[in-house]
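Input: a single structure, listed below in structure tokens.
The values are calculated or read from the model by the stated rules, or taken from the named source; none is laboratory data. This is a predicted model, so every value here is computed, not measured. In this analysis, Cβ positions are derived from the backbone assuming ideal geometry, glycine residues included, and neighbour counts consider all displayed protein chains. These accessible areas exclude ligands, DNA and RNA; they are computed on the full protein's heavy atoms, side chains included. Shrake-Rupley method; radii C 1.70, N 1.55, O 1.52, S 1.80 Å.
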Amino acid sequence: GSRTVVLLLRILSEKHGFNLVTSDIHNKTRLTKNEQMELIKNVSTAEQPYLFTRHVHFLNFSRFGGDQPVYINIIRDPVNRFLSNYFFRRFGDWRGEQNHMIRTPSMRQEERYLDINVCILENYPECSNPRLFYIIPYFCGQHPRCREPGEWALERAKLNVNENFLLVGILEELEDVLLLLERFLPHYFKDVLSIYKNPEHRKLGNLTVTVKKTVPSPEAIQILYQRMRYEYEFYYYVKEQFHLLKRKFGLKSHIRKPRPRPEFFIPSPLETEEPIDDEEDDEKWLEDIYKR
């Protein structure tokens, strides 16, 4: 998902003339206090209009006396995210010839070809907590407890979504995410959906598909669900908020047959059939978001 969006952003930055910086730091999501201050300074003093992308756990700019930026993010089904990452680390995607042969070159061969079912059922570190507690820390923040699977990190992540993010979208509904981004931030995202649907872009997008993915057994999937219960509670919370936002702006959700879920899951979010009537002015609502 992130590779698809960054590809779109590169096209949009040239089309609309904004500064796009995509960090080349990919594996450092937790920062020291000095590293946080340095990153906040760099983002806060950048020449506008400016859009910055990086895989990093939430940074509270106001804690260091800075103005909070406009945060946007996209998440996906936790099990699908885990599986995509598992195979991408081993075999990469189609962007380069024989790319899968050089992806994570330091990985031992027995690890590279480790069967996904063995990894899950035999509780290898890569397929168990805390490695499976992945999405929530991005929204919870830099506090050490944000990396501990539990209610504290979950609730803090929900709070940050509500108070500090303009939009958190769902990858499975990417076209609706793009429509809302175009509505909220037109200088950056005008015409994004037509670019995304362009056959040439689709051809490029196909190169970012992870190769050699296989589906785990139902037993292994069920174990993943149990291990990722907090991730799923957060995912369905975000999905519900996203659907409410879509309703506010008159977008309809395309209802798919829901995947069977274990009984510990929270109820399914509202599926939007029709726009709701809301007398609150949409532009006023957006102004309130920016004032936070």
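Residues in the stretch 174-185 that are open to solvent by 40 Å² or more (accessible area, probe 1.4 Å) and within 13 Å of L9 (Cα to Cα): E182 alone.
Matching residues to (1) touching a Ser or Thr at 6+ places or on another chain (Cβ under 6 Å); (2) at pLDDT 85 or above:
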residue: T53; (1), (2): yes, yes
residue: L59; (1), (2): no, yes
residue: G65; (1), (2): no, yes
residue: Y71; (1), (2): no, yes
residue: D77; (1), (2): no, yes
residue: L83; (1), (2): no, yes
residue: R89; (1), (2): yes, no
residue: I102; (1), (2): no, no
residue: E110; (1), (2): no, yes
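Name the residue that is least open to solvent (accessible area, probe 1.4 Å), counting only residues in the stretch 114-158 that are of a type in the set (K, R) and in a helix (DSSP H, G or I). So, considering only residues that are of a type in the set (K, R) and in a helix (DSSP H, G or I), the one least open to solvent (accessible area, probe 1.4 Å) is K158. Out of everything in the stretch 21-60 that is without any contact (Cβ under 8 Å) to a residue 24 or more places away in the chain and of a type in the set (V, I, T), what residue ends up being nearest to N160 (Cα to Cα)? Going through the qualifying residues, I end up with T32. If you go through the stretch 46-56 and keep only what is over 30 Å from C127 (Cβ atoms) and surrounded by fewer than 15 Cβ atoms within 10 Å (Cβ to Cβ), you end up with A46, E47, Q48, P49. For the stretch 8-20, indicate whether the set of residues that are within 15 Å of the chain's Cα centre (by Cα) and either β-branched (V, I, T) or within 16 Å of F165 (Cα to Cα) (or both) is non-empty. No, the stretch 8-20 contains no residue that is within 15 Å of the chain's Cα centre (by Cα) and either β-branched (V, I, T) or within 16 Å of F165 (Cα to Cα) (or both).
Conditions tested, residue by residue: (1) over 22 Å from L132 (Cβ atoms); (2) open to solvent by 30 Å² or more (accessible area, probe 1.4 Å); (3) in contact with a Gly (Cβ under 7 Å, 6 or more places away or on another chain).
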| residue | (1), (2), (3) |
| --- | --- |
| S44 | yes, yes, yes |
| F58 | no, no, yes |
| R63 | yes, yes, no |
| D67 | yes, yes, no |
| V70 | yes, yes, no |
